[in-house]
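Undergrad: This is the structure I want to talk about, given as structure tokens.
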Amino acid sequence: MTSQLNGSVLKAFKILDLFAAGKSELTAKETADALGINMITAHRFLHTLVHAGALRASSRGVFRLGYMFADLGERVLQGDNLPTLLQPILDQLARDTGEACMATEFDRDMAVCIAKSLPDRPLYVDIRIGSKLDAFCTAHGKLWLAHMSSDEQDRYFKNAQLHGMTDHTITDIKTLRDELQTIRQQGFATNNGERENDIYAIAVPITTQHGKMISGFSVFGASPAILGQHRDSLLDHLRSATQTARQALYGAA
């Protein structure tokens with residue numbers, strides 16, 4: 001399989017990946033240093049990418065991403081690509097855990113269910129595709145908030161109304177901010193009956209190669225064991241599923 005790979009194509013994508021790492025501009029020297037190639041080769045790669053439309057020269061010797069990526073990004077987000085890719089992974093997660101599972105995106109301050117899978121047993125908690133989940137009192141919602149920048153969190157809390165949905169809902173902004181910091185550090189979020197009584201959930205993020213959250217997986221149901229005796233086992237299954245999702249999105253590392 002390795003012999004079928006084109007090294008020049010892989011190197012070109014490594015150049016583009018430098019922008020994903022947070023750079024807005026790139027020079028030939030930075031490219032040469034990052035990839036361990038000489039300046040002549042770096043120039044050739046950069047100008048080839050400009051010719052292909054993947055990069056644009058913003059000034060002499062300085063390169064930025066080309067506008068074609070804005071169009072490609074929209075195409076990726078359209079056509080239910082992400083739910084279709086995640087669905088078989090969710091199905092396996094439901095089989096492995098025996099619990100209901102879902103994936104979400106974030107839209108207008110709400111987590112939105114984009115895919116689900118239900119356990120093979122008579123009684124379970126269900127959710128409809130397209131259902132919107134409050135950010136401040138659900139596992140998925142808190143996970144998305146925890147992965148926001150400080151400015152994005154400030155904007156959210158400026159407009160948020162933290163209603164007491166149940167006796168377990170966190171309605172104090174400072175307390176919630178502290179929990180979001182813990183969620184970011186530990187890598188998962190929980191819902192301990194905060195939106196609806198006796199509904200429990202644990203969620204983990206699916207991130208890009210540079211840590212940006214693009215979706216999340218959760219296990220949820222009416223059993224307190226989800227956050228009790230089964231929590232660590234469920235976390236192992238969830239993290240394995242997110243790794244499978246990352247491989248499906250980006251290929252093998």
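The values are calculated or read from the model by the stated rules, or taken from the named source; none is laboratory data. All values reported here derive from a predicted model rather than from experimental measurement. Neighbour counts run over all protein chains shown; Cβ positions are idealised from the backbone, glycine included. Accessible surface is based on the protein model in full, side chains and every heavy atom, while ligands, DNA and RNA are left aside. Shrake-Rupley method; radii C 1.70, N 1.55, O 1.52, S 1.80 Å.
Here is a yes/no grid of residues against (1) among the aliphatic types (A, V, I, L, M); (2) closer than 23 Å to GLY211 by Cα:
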position	(1), (2)
GLN87	no, yes
MET102	yes, yes
LEU118	yes, no
LYS132	no, no
LYS142	no, yes
SER150	no, yes
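Undergrad: Identify, by number, the condition in (1) among the polar types (S, T, N, Q); (2) in contact with a helix residue (DSSP H, G or I) (Cβ under 9 Å, 6 or more places away or on another chain); (3) modelled with pLDDT of 95 or more that GLN209 doesn't meet.
TA: (3)
Undergrad: Write out, first by first residue and then by second, each pair whose Cβ atoms fall under 6 Å of each other, whose residues are 6+ apart or on separate chains, and whose first residue, in the range 220-241, is under 20 Å from CYS113 (Cα atoms) while the second is of a type in the set (Asp, Glu) and surrounded by 14 or more Cβ atoms within 10 Å (Cβ to Cβ).
TA: GLY221/GLU99; HIS237/ASP96
Undergrad: Report, by residue number, each residue of the range 50-84 that is modelled with pLDDT of 85 or more and farther than 21 Å from LYS14 by Cβ.
TA: LEU82, PRO83, THR84
Undergrad: Looking only at residues in the range 152-183 that are charged (D, E, K, R) and more than 21 Å from ARG108 (Cα to Cα), which one is farthest from the chain's Cα centre (by Cα)? Please lay out each step first, then the result.
TA: Within the range 152-183, the subset charged (D, E, K, R) is 152, 154-155, 158, 167, 172, 174, 177-179.
So of that shortlist, the ones also more than 21 Å from ARG108 (Cα to Cα) come out as 167, 172, 174, 178-179.
Values: ASP167: 30, ASP172: 26, LYS174: 25, ASP178: 21, GLU179: 19 Å.
Filtering first and then ranking leaves ASP167.
Undergrad: Going by the conditions given, is MET148 within 20 Å of the chain's Cα centre (by Cα) and touching a residue at least 60 places away in the same chain (Cβ under 8 Å)? I'd like the intermediate steps shown before the answer.
TA: On the way: within 20 Å of the chain's Cα centre (by Cα): yes; touching a residue at least 60 places away in the same chain (Cβ under 8 Å): no.
Criteria not met by MET148.
Undergrad: Tell me which residues, restricted to the range 224-253, are exposed (fewer than 13 other Cβ atoms within 10 Å of the Cβ) and in a loop (DSSP other than H, G, I, E, B).
TA: Hits for the range 224-253 are GLY228, GLN229, GLY251, ALA252, ALA253.
Yes/no matrix, rows are residues, columns are (1) without any contact (Cβ under 8 Å) to a residue 60 or more places away in the chain; (2) in a helix (DSSP H, G or I):
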position	(1), (2)
PHE63	yes, no
LEU85	no, yes
THR104	no, no
ARG128	yes, no
PHE136	yes, no
LEU143	no, yes
GLU152	yes, yes
PHE157	yes, yes
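Undergrad: Here's a check for you: in the range 19-49, which residue that is of a type in the set (A, V, I, L, M, F, W, C) and surrounded by fewer than 14 Cβ atoms within 10 Å (Cβ to Cβ) is farthest from the chain's Cα centre (by Cα)? Full working, then the answer.
TA: Taking the range 19-49 and keeping what is of a type in the set (A, V, I, L, M, F, W, C), we get 19-21, 26, 28, 32, 34-35, 37, 39-40, 42, 45-46, 49.
Within this subset, residues satisfying the condition of being surrounded by fewer than 14 Cβ atoms within 10 Å (Cβ to Cβ) are 20-21, 39-40.
Details: ALA20: 14, ALA21: 15, MET39: 36, ILE40: 37 Å.
Applying the filter and picking the extreme gives ILE40.
Residues are listed down the side, and each one gets a yes or a no for (1) under 28 Å from LEU123 (Cβ atoms); (2) open to solvent by 30 Å² or more (accessible area, probe 1.4 Å):
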| residue | (1), (2) |
| --- | --- |
| MET165 | yes, yes |
| ASN192 | yes, yes |
| ILE206 | no, no |
| LYS212 | no, yes |
| VAL219 | yes, no |
| ALA222 | yes, yes |
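Undergrad: Quick one: count up the residues across the range 1-18 that are open to solvent by less than 100 Å² (accessible area, probe 1.4 Å), modelled with pLDDT under 80 and part of a helix (DSSP H, G or I).
TA: 0
Undergrad: Moving on. Check THR169 against each of (1) surrounded by 15 or more Cβ atoms within 10 Å (Cβ to Cβ); (2) touching a helix residue (DSSP H, G or I) at 6+ places or on another chain (Cβ under 7 Å) and name the one condition it does not meet.
TA: (2) is the only condition that THR169 fails.
Per-residue answers, yes or no, for (1) buried (at least 17 other Cβ atoms within 10 Å of the Cβ); (2) hydroxyl-bearing (Ser, Thr, Tyr); (3) in contact with a Lys or Arg (Cβ under 9 Å, 6 or more places away or on another chain):
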{"residue": "VAL125", "(1), (2), (3)": "yes, no, no"}
{"residue": "LYS132", "(1), (2), (3)": "no, no, yes"}
{"residue": "MET148", "(1), (2), (3)": "yes, no, yes"}
{"residue": "GLU152", "(1), (2), (3)": "no, no, no"}
